[in-house]
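Asks: This structure is in structure tokens; I'll ask about it shortly.
The values are calculated or read from the model by the stated rules, or taken from the named source; none is laboratory data. What you see is a predicted model; the values in this text were computed from it and never measured. Virtual Cβ from ideal backbone geometry, glycine too; neighbours counted across all protein chains shown.
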Amino acid sequence: MWHEFNRFLNVSRGSHVAGMSDLKKYFHRFGYLVAQDMNFTDTFDARFEYAIARYQAKLGLSVTRKLDSDTIFQVMSPRCGVPDTSTRTALHSMRKYAYFTGRPRWARDIPMTLTYAFSPENMVKSLNISDIGIVFRRAFARWSSVIPVNFTETEDYGFADIKIGFYSGDHGDGEPFDGVLGVLAHAFAPESGRFHLDAKETWAVDFRLEKSSVAVDLESVATHEIGHVLGLAHTSVKEAVMYPSLKPRARKLDLKLDDIKGIQALYGSNPNFRFESLSESVTSSNSAVSLRVTSQPWSTLMVIIMLSLCA
């Protein structure tokens, strides 16, 4: 795949390269390039330079304003289909989390319970439904452990708050999937509850069993998209769950401080959560931290899930 992008390497303002119009469509799709129409040219103009600079700043890259190797590698990486847009708020150096425009959240009394269900018609045959259920219970439990929100699975798909399904190509929501890798999944801001995954991906619940080089960890993607369902947009903290991209055969499960601060600003803290239960990580300048399971669960569901995590 690299050879397809190699012709763009280190090009800058004023350059004219065949196929750059398609690259501009990518930046437009994810919220960086505003266009009056979709007639993009192959010229590296001032607007495209500005879009690249915004993209680099948002995703924690060096702002070179050129298509350097790090930027092209990021463009090539599989990612969430939700645009990288946020409310226009000045961000403190320790605050990288963001929200959808208007800062929507589920308008229920705290503590709240949200139900979720899987589409009876839109699942994947490559995975056992019971394994999918376990993965999603663990993913929902991570968020429930830090905020006063419980998640309960229901068989009533029509009336569930959160509706989960696997879809291919154009599936009627204006955000078509593109096949293997590329866009992995997308979810919509509260209170839509729509949560869609690309059925063409090689989804894995255990990399020891799934050997494909393009396998994608279902639990990592589920955890990320639940953040969107709750109201979080994308962050520039690379270690955080809400960073937009995920490499094949990679796992990103632990909520980081950026994720936790962002979601607690919307819903408050789970009364059993303590920041003292976080194990500090010094792997980045963003002071990301990993969440450890506490001994005091928020609900009976949490007891079941956390025991399975520790088994």
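Asks: Suppose we keep only residues that are among the acidic types (Asp, Glu) and outside any strand (DSSP E or B) within region 142-161. Which one would you say is nearest to Ile263 (Cα to Cα)?
Replies: Top of the filtered list is Asp161.
Asks: Please go through region 102-114 and give me each residue that is outside any loop (DSSP other than H, G, I, E, B) and under 20 Å from the mean Cα position of the chain (by Cα), ordered by number.
Replies: Within region 102-114, Leu114 is the sole residue that qualifies.
Asks: Might you check whether a residue that is more than 29 Å from Ala222 (Cβ to Cβ) and crowded, with 18+ Cβ neighbours inside 10 Å occurs anywhere in region 27-36?
Replies: Looking for residues that are more than 29 Å from Ala222 (Cβ to Cβ) and crowded, with 18+ Cβ neighbours inside 10 Å, one finds at least one in region 27-36, hence yes.
Asks: Right, something else. Do the conditions hold for Ile132, that is, is it more than 23 Å from Gly262 (Cα to Cα), surrounded by 15 or more Cβ atoms within 10 Å (Cβ to Cβ), at pLDDT 95 or above and β-branched (Val, Ile, Thr)?
Replies: Yes, satisfied.
Asks: Residue pairs, Cβ under 6 Å, 6 or more apart or interchain, first in region 63-84 and farther than 20 Å from Ala250 by Cβ, second of a type in the set (D, E, K, R). List them.
Replies: Arg65/Glu49
Asks: Can Ser144 be described as under 30 Å from Leu59 (Cα atoms) and touching a helix residue (DSSP H, G or I) at 6+ places or on another chain (Cβ under 8 Å)?
Replies: Yes: the conditions hold for Ser144.
Asks: Here's a follow-up. Are there any helices (runs of 4 or more DSSP H) wholly within region 7-101 with 2 or more residues that are modelled with pLDDT of 90 or more and of a type in the set (S, T, N, Q), and if so which? Write out each step before concluding.
Replies: Details: elements: 20-29, 46-58, 69-76.
Because the criterion is at least 2 residues that are modelled with pLDDT of 90 or more and of a type in the set (S, T, N, Q), the helices (runs of 4 or more DSSP H) in region 7-101 that meet it are 69-76.
Asks: Can I ask one more? Name the residue, out of Gly193, Gly174, Gly165, that is in the same structural domain as Ala265 (by TED's automatic domain parsing), out of contact with any Pro (no Cβ under 8 Å at 6 or more places or on another chain), crowded, with 17+ Cβ neighbours inside 10 Å and more than 14 Å from Gly227 (Cα to Cα).
Replies: Gly165
Asks: Does at least one position in region 47-63 carry a residue that is farther than 20 Å from Lys238 by Cβ, in contact with a strand residue (DSSP E or B) (Cβ under 8 Å, 6 or more places away or on another chain) and not aromatic (Phe, Trp, Tyr)?
Replies: no
Asks: Given the residues Thr235, Thr223, Thr202, which is the only one that is among the polar types (S, T, N, Q), in contact (Cβ under 8 Å) with a residue 40 or more places away in the chain and more than 22 Å from Ser126 (Cβ to Cβ)?
Replies: Unique residue meeting the criteria: Thr235.
Asks: How about region 116-149: which of its residues are polar (S, T, N, Q) and within 20 Å of the chain's Cα centre (by Cα)? Break it down into steps so the answer makes sense when it comes.
Replies: Pass one, region 116-149, residues polar (S, T, N, Q): 119, 122, 126, 128, 130, 144-145.
Selection gives Ser144, Ser145.
Asks: Got at least one residue in region 166-186 being more than 30 Å from Lys25 (Cβ to Cβ) and among the charged types (D, E, K, R)?
Replies: No, because not a single residue in region 166-186 is more than 30 Å from Lys25 (Cβ to Cβ) and among the charged types (D, E, K, R).
Asks: Between a residue in region 162-179 that is at negative phi and outside any loop (DSSP other than H, G, I, E, B) and any residue that is modelled with pLDDT of 95 or more and among the hydroxyl-bearing types (Ser, Thr, Tyr), which pairs come within a Cβ distance under 6 Å, given they are 6 or more apart or on different chains?
Replies: The qualifying pairs are Ile162/Tyr116; Gly165/Ser119.
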